[in-house]
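Heads up: the structure comes next, in structure tokens.
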Amino acid sequence: MDAIILQILNGLDKGSAYALIALGLTLIFGTLGVVNFAHGALFMIGAFCAVTLSRILTISHTIVDETQKDFLGNPLKVDVPYVYDWFGEATGNVIIDWAVPLSILFAIPVMILIGVIMERGLIKHFYKRPHADQILVTFGLAIVLQEVIKYFYGANPIPTPAPDAFRGSFDFGLMLGFDANQIIYPYWRLVYFAFAAVIIGAVFAFLQFTTFGMVVRAGMADRETVGLLGINIDKRFTIMFGLAAAVAGLAGVMYTPINSPNYHMGMDFLVLSFVVVVVGGMGSLPGAVLAGFLLGILESFASMGAVIDLLPGINQIIIYLVAIIILLTRPRGLMGRKGVMED
Amino acid sequence: MSKTTFTRRGMLKTGAVTGAGLALPTYLSAAGHEGFTNAPTGGTVTLGFNVPQTGPYADEGADELRAYELAVEHLNGEGDGGMMNTFSSKALQGNGILGKKVEYVTGDTQTKSDAARASAKSMIEKDGAVMITGGSSSGVAVAVQALCQEAGIIFMAGLTHSNDTTGKDKRANGFRHFFNSYMSGAALAPVLANAYGTERRAYHLTADYNWGYTTEEAVKSSTEAMGWETVAAVKTPLTQTDFSSYIAPVLQSGADTLVLNHYGGNMVNSLTNAVQFGLRDKQVEGKDFQIIVPLYSRLMAKGAGANVKGIFGSTNWHWSLQDEGSKTFVKSFGTKYGFPPSQAAHTCYVQALLYADAVERAGSFAPCAVVDALEGFEFDGMGNGPTLYRADDHQCFKDVLVVKGKENPTSEFDLLEIVEVTPVDQVTYQPDHPQFAGGALGSCNNGA
């Protein structure tokens with residue numbers, strides 16, 4: 001029982017990342033009709049927003065410490081961050097320690113800007129082209145973005161830890177009456193799950209309860225009629241692309257303490273997120289979220305020792321296996337609408 | 001009366017046939033001169049540096065390339081000469097190799113066996129490389145080593161830690177200076193017994209490929225021999241990025257020690273996840289929970305940040321060693337590039353010098369002559385103490401370093417501290433040891 005609870009918890013944070021990326025993918029597909037293979041790269045760029053802010057906050061001047069030697073035997077040059085000079089060492093340390101949560105504020109405008117530039121600069125030229133062309137150009141864009149990041153940040157993972165207050169883990173087992181250490185769960189993963197829930201809720205609320213959202217939903221249902229009513233739906237869809245980029249970026253920012261970011265982390269999530277979108281139903285926002293969590297939890301269960309012993313290799317194929325079963329039984333996915341990608 | 005007609009088509013045909021006829025012997029002579037593949041002609045000799053320039057190990061590959069460029073500089077008599085000043089053999093004179101100026105070409109392994117073979121093949125066939133060296137993966141090393149054996153080229157392996165490189169997949173034309181999984185296990189086990197006692201229950205997470213298997217086997221057998229129990233050994237996919245599903249059950253198993261048989265990005269992520277889950281703050285039956293990383297790399301440890309603090313592992317070499325060879329190399333490398341070399345850079349630099357020295361001593365670039373010169377060669381002054389290139393399997397035998405993540409690093413390079421220099425006798429094994437069973441060196445191949 002404790003193992004099952006543990007794997008459900010594990011699946012929730014993985015599912016949160018899938019759900020956030022799939023939500024953005026579905027927003028773009030539902031509004032602009034574009035299959036955006038560069039969406040994983042947006043997740044990765046979001047993570048690197050956190051890395052960038054960490055580096056900005058630790059911009060330093062150098063002082064020479066005569067009492068210590070560097071690797072060549074010269075007096076050691078010690079970097080002192082400017083935030084120490086401005087706010088004192090204690091406050092400076094707190095600011096640097098909270099770099100990842102602070103990056104949320106930094107990433108939102110950056111990601112919206114990148115999303116709008118991406119849409120206006122490249123993707124809008126491919127609206128009337130076949131889906132295959134869209135996939136090729138966005139996949140190419142993803143590779144370019146990945147290489148740009150590698151050029152500036154290198155190929156190695158870059159540690160970007162959570163604030164000290166969120167390090168360590170919480171003993172769920174004790175709370176549920178199990179022995180100590182049976183169900184432990186890191187604090188930051190709980191934060192990630194809660195953060196994902198808030199973002200998903202905010203996106204749905206934005207679409208459901210604002211005039212802007214209503215127009216967007218109307219445009220998703222019948223773009224032509226909304227245009228005939230004199231509404232500039234293209235402009236709103238561009239903003240939605242920016243919003244989807246921000247959602248992916250925020251998912252990336254908050255993921256950095258879970259796994260040290262590197263330039264190809266977007267690709268690791270991209271393929272799985274597409275499977276999530278297809279399983280959830282192309283164009284269905286609730287479907288994307290539901291499938292994200294469902295597949296995240298299933299993936300966790302498939303990694304259990306007892307399951308692998310029974311079905312070796314199942315941990316690597318479970319998501320695709322479930323996708324095949326669902327598409328065979330429900331060809332439009334869990335919550336897919338009639339007519340989407342069926343022409 | 002004869003009539004001669006020159007047509008455009010006829011001229012082209014004749015030209016093509018003549019050109020091909022003239023080119024063929026040139027091509028054959030490039031490969032077959034002096035009876036071995038790519039025998040150097042003229043005043044230069046070309047070496048092929050096959051390192052990961054793209055992909056996840058690109059940073060490690062870049063460091064290897066820096067080391068090779070430094071080695072070429074020193075071989076050609078430029079710079080401060082580096083380890084040529086401390087190397088026990090004095091055959092190298094700083095005038096290239098056998099008087100030929102050293103030039104090099106590079107290939108990108110991408111840390112993929114097929115790509116690495118293709119780049120090595122291209123350097124051999126198109127660029128005339130007489131020796132191939134480098135790499136950051138055992139899969140790549142084994143694949144390129146086999147290719148070099150077939151082509152009649154010497155292969156001086158870069159960073160490869162699997163037992164199989166000089167075990168079941170060993171080849172007569174291939175040589176490894178880097179240590180291996182068995183040596184890691186043999187060096188680590190006594191230190192772990194001292195630090196954590198002989199009654200431990202270990203849980204292994206192992207990367208699901210060749211290197212992972214040999215490392216798991218080596219650490220398991222060494223730790224079990226001193227009384228530890230292995231509770232479980234779980235394979236993790238090489239492409240895994242989030243290890244939470246694998247780490248969460250560790251405490252439930254009753255284990256008090258986690259061994260991460262992971263390297264590179266896998267190691268960074270699994271260690272980060274394990275620390276996140278608070279494993280190091282836990283106690284199991286009164287014992288503090290411990291994590292072990294059998295193969296440490298400073299470049300990779302950097303990615304795990306503060307998570308490496310206090311965690312034991314092993315390494316082939318570290319820039320903080322205080323022997324004359326290491327100090328000289330660190331000074332050369334550090335002065336040129338502004339930071340200390342990695343263990344990958346060290347092994348690659350040493351391999352380049354060892355090859356050049358063997359050619360000088362043999363008086364020939366012919367692979368079989370080089371093999372003769374390297375087999376059973378004993379040397380010193382290269383950073384690991386007295387070292388033997390064993391003839392039986394072409395593996396270097398030397399001291400091994402047991403290291404620990406430093407608690408209070410003074411710089412971004414100061415991540416590991418040396419806990420023990422394990423003497424070579426403790427990590428030496430018989431050539432027919434079960435962990436190295438199967439395969440045979442075969443005969444050296446001059447190619448051509």
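No value in this document is a laboratory result; all are computed from the given coordinates. Note that this is a predicted model, so its numbers are computed, not measured. Cβ placement follows ideal geometry from the backbone for every residue including glycine, while neighbour counts extend to all protein chains displayed.
A simple packing score, the average count of other Cβ atoms within 10 Å per residue, orders the peptides B:402-414, B:101-113 as B:101-113, B:402-414, with the highest score first. If you take the square roots of the eigenvalues of the alpha-carbon gyration tensor of region B:182-315 and sort them as a ≥ b ≥ c, do you get rounded (a/c under 1.5), prolate (a/b over b/c) or oblate? Rounded, since a/c falls under 1.5.
Peptides B:339-345, B:382-388, A:218-224, B:290-296 ranked from most to least packed give B:339-345, B:290-296, B:382-388, A:218-224, packing being the mean of other C-beta atoms within 10 angstrom over each peptide's residues.
Taking 0.36 nm per residue of sequence separation and subtracting the Cα-Cα distance, how much length would be gained by fully extending the chain between A:Leu136 and A:Asp179, in nm to one decimal?
Once the chain is fully extended between A:Leu136 and A:Asp179, it gains 10.2 nm.
Relative to the longest principal axis of the Cα atoms of chain B, the long axis of helix B:8-32 makes an angle of roughly 50 degrees.
So, with +1 on the Cβ of K and R and -1 on the Cβ of D and E, and no other charges, what is the size of the charge dipole of region B:182-315 about its Cα centre, to the nearest 20 debye? Before the final figure, lay out the partial values.
Values: 10 positive and 11 negative charges, 74 e Å.
Once rounded to the nearest 20, the dipole reads 360 debye.
Note on chain B: GNM, Cα springs under 10 Å; of B:Ser320, B:Ser245, B:Ser137, the largest mean-square fluctuation is that of B:Ser245. A cysteine counts as unpartnered when no other cysteine's C-beta lies under 4.7 Å of its own; in the protein assembly as shown this applies to A:Cys49, B:Cys148, B:Cys348, B:Cys396.
For the pair region A:1-68 and region A:145-202, the centres of their Cα atoms are 10 angstrom apart.
Using a Förster distance of 41 Å, how high is the FRET efficiency between B:Glu407 and A:Thr211, based on the Cβ-Cβ distance and rounded to 0.05?
Working: r = 57 Å, r/R0 = 1.40.
Plugging the Cβ-Cβ distance into 1/(1 + (r/R0)^6) gives 0.10.
Please work out whether chain A counts as rounded, prolate or oblate from its C-alpha gyration tensor, where a ≥ b ≥ c are the square roots of the eigenvalues and a/c under 1.5 means rounded, while otherwise a/b larger than b/c means prolate and anything else oblate? Note, shape of chain A comes out oblate.
Apply the a/c threshold of 1.5 to the C-alpha gyration tensor of region A:1-53 and tell me whether it is rounded, prolate or oblate. Show your work: numbers first, answer last.
Details: a/c = 4.22, a/b = 1.55, b/c = 2.73.
It comes out oblate by the Cα gyration axes.
A Gaussian network model of chain B, with springs between Cα atoms under 10 Å, assigns the largest mean-square fluctuation among B:Gln149, B:Gln252, B:Gln276 to B:Gln252. Taking label positions 7 Å along the Cα-Cβ direction at both B:Gln430 and A:Leu113, the computed distance is 6.9 nm, reported to one decimal.
Could you grab the relative contact order for region A:212-343? Cα pairs under 8 Å, six or more apart, rounded to a whole percent.
Normalised by residue count, the contact order of region A:212-343 is 22 percent.
Helical runs (DSSP H, four residues minimum) scored at -39500 (n - 2.57) apiece and divided by the length of chain B put the mean residue ellipticity at 222 nm at -12500 deg cm²/dmol. Dividing the convex hull volume of the alpha carbon atoms of chain B by its residue count gives 157 Å³ per residue.
Of B:Asp380, B:Asp169, B:Asp281, the residue with the greatest mean-square motion in the GNM of chain B, using alpha carbon springs below 10 Å, is B:Asp281. Most simply put, the protein assembly as shown has about 45% antiparallel DSSP beta bridges, counting only bridges with both residues inside it.
The distance between label points at A:Lys128 and B:Ala391 comes to 7.8 nm (points 7 Å beyond Cα on the Cα→Cβ vector).
How tilted is helix A:285-302 with respect to the longest principal axis of chain A? Cα atoms for both, answer in degrees (0 to 90, nearest 10). That works out to roughly 60 degrees.
Helix B:113-125 versus the longest principal axis of chain B: what is the Cα-based angle in degrees, 0 to 90, to the nearest 10? Value to nearest ten degrees: 30.
Peptides A:301-307, B:309-315, A:205-211, B:85-91 ranked from most to least packed by the mean count of surrounding Cβ atoms within 10 Å: B:309-315, A:301-307, B:85-91, A:205-211. Given their separation in residues at 0.36 nm each and the Cα-Cα distance between them, A:Trp86 and A:Phe152 gain 21.0 nm when the chain is fully extended.
Cα-Cα pairs above 33 Å in the protein assembly as shown: how many percent?
58 percent
Of the cross-linked pairs B:Lys90/B:Lys336; A:Lys14/B:Lys235; B:Lys126/B:Lys398; B:Lys287/B:Lys404; B:Lys327/B:Lys406; B:Lys168/B:Lys220, those separated by over 28 Å at the C-alpha level are B:Lys126/B:Lys398.
Note on region A:2-329: with charges restricted to the Cβ of Lys and Arg (+1) and Asp and Glu (-1), its dipole about the Cα centre is near 1140 debye.
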